[in-house]
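Chemist: I'd like to ask you about the structure that follows.
The values are calculated or read from the model by the stated rules, or taken from the named source; none is laboratory data. All of these numbers come straight from a predicted model, not from anything done at the bench. Cβ: placed from backbone, ideal geometry, glycine included. Neighbour counts: every protein chain shown. Each accessible area value is taken on the protein alone, full model and side chains, heavy atoms only, with ligands, DNA and RNA left out. Shrake-Rupley method; radii C 1.70, N 1.55, O 1.52, S 1.80 Å.
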Amino acid sequence: MPKKILIIDDDPGFIDPIKDHLLSLGFHVLTAFDGITGYELAKQTFPDLITLGITVPFLNGYSVCGFLKSHEVYKSIPIIMITPEALDRDKDFSEDIKPDVIFPKTCNINQFMHAVKELLNFQSS
């Protein structure tokens, strides 16, 4: 069964290349373009990993991350937070609701994919 990754971001220019790369590695990819839809989809599908933009509409990434990381059922889902610019890793997060990894949206796809694989303990064949 392929690992399920949920991408919550409102930028198709970011989502499409990431999604294509993940699909090429055999991951099952779900997408949401706003925080409310993404949060509901996370609760319904229990993905293996979530990539989450901070500036998504309706419910921002800070809130989505906080809701998921503070809930016993969902807190074990790894979250990669995508920021519009470099962000101090500890600046806006309390210790118990921090994402697992923070990347600027301008990050290198290879660095991003390395983090995905590491968080999922993924071995490509």
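Chemist: Given the residues G61, G53, which is the only one that is under 16 Å from V116 (Cα atoms), of a type outside the set (D, E, K, R) and in contact (Cβ under 8 Å) with a residue 40 or more places away in the chain?
Modeler: G53
Chemist: Determine which single condition V56 fails, assuming it passes every other condition in (1) more than 19 Å from P99 (Cα to Cα); (2) open to solvent by less than 40 Å² (accessible area, probe 1.4 Å); (3) in a loop (DSSP other than H, G, I, E, B).
Modeler: Single failed check for V56: (1).
Chemist: Test each condition in (1) under 23 Å from K3 (Cβ atoms); (2) modelled with pLDDT of 90 or more for P57 and report the one that comes out false.
Modeler: Every listed condition holds for P57 apart from (1).
Chemist: Now, a different point. Need the failing condition index for D96 against (1) modelled with pLDDT under 90; (2) surrounded by 18 or more Cβ atoms within 10 Å (Cβ to Cβ); (3) in contact with a helix residue (DSSP H, G or I) (Cβ under 7 Å, 6 or more places away or on another chain), just the number.
Modeler: Unmet condition: (2).
Chemist: If you take the residues in the range 104-125 that are open to solvent by less than 30 Å² (accessible area, probe 1.4 Å) and closer than 13 Å to L52 by Cα, which one is modelled with the highest pLDDT?
Modeler: Restricting to residues being open to solvent by less than 30 Å² (accessible area, probe 1.4 Å) and closer than 13 Å to L52 by Cα, the top hit is V116.
Chemist: Quick check on my filter: what residues within the range 9-37 are touching a helix residue (DSSP H, G or I) at 6+ places or on another chain (Cβ under 6 Å) and assigned to a helix (DSSP H, G or I)?
Modeler: Of everything in the range 9-37, just one residue is touching a helix residue (DSSP H, G or I) at 6+ places or on another chain (Cβ under 6 Å) and assigned to a helix (DSSP H, G or I), namely G35.
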